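Some notes on the structure that comes next.
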Amino acid sequence: MAEKHTVEYWEGEWEKRNLGFHMSSVNDFLLKYEPKLKRKSTIFVPLCGKSLDLAFLAKSGHNVVGLEGVSRAIKEFSEETMTLTEGDDSIWRSECGHLQIVNADLFTASIPNSPFEGVYDRGSITVFHPDFQEKYLEHMISLCAPKCDYLMWTLHFEKARPHPPYSTENAFMDKIFSFARFNLLSRKELCYEEAPFQHGSNCKIYWSYYQRS
């Protein structure tokens, strides 16, 4: 069986259509915080799937780079949301020039346009077991420019889970970000009725907005 944070595992989830993480509309949190981002900034969206948020950011004038290991997800985004053309370098590009999606593994990919002025992490960290989350955050921070804005969606479960999405501790994240000179500007806990996904009453959902000083 594939490890649950590998591309092989998620290819299986897409094949089985286990897509509970996909939203059919642009995320409300992004709609609220996008105006706070620097105008026409370069924004990285890790493990982006076929999120509609990619098109929203690109149409808002940002230069967006998504990364997705599952090629099926990128093809479906191209067919359903915004036409992309696949290059020989495994990068899919939009006609408008504001969106690229890299089809590769996050930790081995050569990612264009880095370091980034913004990161939109809509739950990517929850793919990784808590024992691996520090490595994930350190890698993500290595892709961030000075003054980078970092928008992040996380989950906290009262009991440990054997599979994704995994729980993330706010205090743990704050510590890692503070070492890299990120300040927490705001954090919102969603009530159960506001949550885009229903993981049960033992789950808390947080949106956090960090900015590098």
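Observations, loosely collected:
- Charge dipole of the chain (Cα centre as origin; +1 on each Lys and Arg Cβ, -1 on each Asp and Glu Cβ, all else neutral): 740 debye, rounded to the nearest 20.
- If you take all other residues with their beta carbon under 12 Å from the beta carbon of Phe182, and give Lys and Arg +1 and Asp and Glu -1, the sum is +2.
- Sorting Arg93, Arg161, Arg122 on solvent-accessible area from highest to lowest, probe radius 1.4 Å, gives Arg93, Arg161, Arg122.
- Cross-link partners of Lys175 among aspartates and glutamates (Cα-Cα below 13 Å; sequence separation of 8 or more within a chain): Glu134, Glu138
- Share, in percent, of DSSP beta bridges within the range 52-108 that are antiparallel, nearest 5: 60 percent
- Along the chain, counting only GluC sites (Glu not before Pro) with a DSSP assignment other than H, G, I, E or B and at most 12 other Cβ atoms inside a 10 Å radius, the longest segment between sites is 4-94.
- Expressed as a fraction of 2.2 N^0.38 Å, the value expected for a compact globular protein of N residues, the C-alpha radius of gyration of the range 69-113 is 1.09.
- In the range 153-193, trypsin sites (Lys or Arg not before Pro) in a DSSP loop with at most 15 other beta-carbon atoms within 10 Å: Lys159, Arg181
- Accessible area of the chain belonging to carbon and sulfur atoms, whole % at 1.4 Å probe: 49 percent
- Per residue, the average separation of C-alpha pairs within less than 8 Å and at least 6 apart gives the chain a relative contact order of 17 percent.
- His139 sits among other residues whose Cβ lies under 14 Å from its own Cβ, and their net charge, with Lys and Arg +1 and Asp and Glu -1, is -3.
- Overall dimensions of the range 1-93 as given by Cα atoms, namely Rg and Dmax in Å: 14.0, 44
- Set of lysines near Lys36 by C-alpha distance (under 17 Å), chain-local residues within fewer than 8 positions excluded: Lys59, Lys147, Lys188
- Remark: the range 1-75 carries a charge dipole of roughly 460 debye about the Cα centre, counting +1 on each Lys and Arg Cβ and -1 on each Asp and Glu Cβ.
- HN-Hα J in Hz across the range 103-114 - Karplus 6.51, -1.76, 1.60, θ = phi - 60°, x for Gly and Pro: 9, 6, 7, 4, 8, 10, 6, 8, 9, x, 6, 7
- Reachable aspartates and glutamates from Lys16, criterion Cα separation under 14 angstrom, eight or more residues apart if same chain: Glu8
- According to the calculation over all Cα-Cα pairs in the chain, the P(r) per 5 Å bin from zero is 1, 7, 16, 20, 22, 19, 11, 4, 1, 0 %.
- Which of Thr108, Leu155, Leu143, positive extreme of dipole for the range 108-161 (C-beta unit charges): Leu155
- Per-residue [θ]222 nm for the chain (sum of -39500 (n - 2.57) over DSSP H runs n ≥ 4, rounded to 500): -7000 deg cm²/dmol
- Cubic angstrom per residue, convex hull over Cα atoms of the range 86-157: 112 Å³
- Positive-end residue of Leu54, Phe128, Ser78, charge dipole of the range 25-156 with Cβ unit charges: Leu54
The values are calculated or read from the model by the stated rules, or taken from the named source; none is laboratory data. Computed from a predicted structure; not experimentally measured. Quick reminder, even Gly has a Cβ in these numbers, built from the backbone with ideal geometry, and neighbours come from all protein chains shown. Note: areas computed on protein heavy atoms with side chains; ligands, DNA, RNA excluded. Shrake-Rupley method; radii C 1.70, N 1.55, O 1.52, S 1.80 Å.
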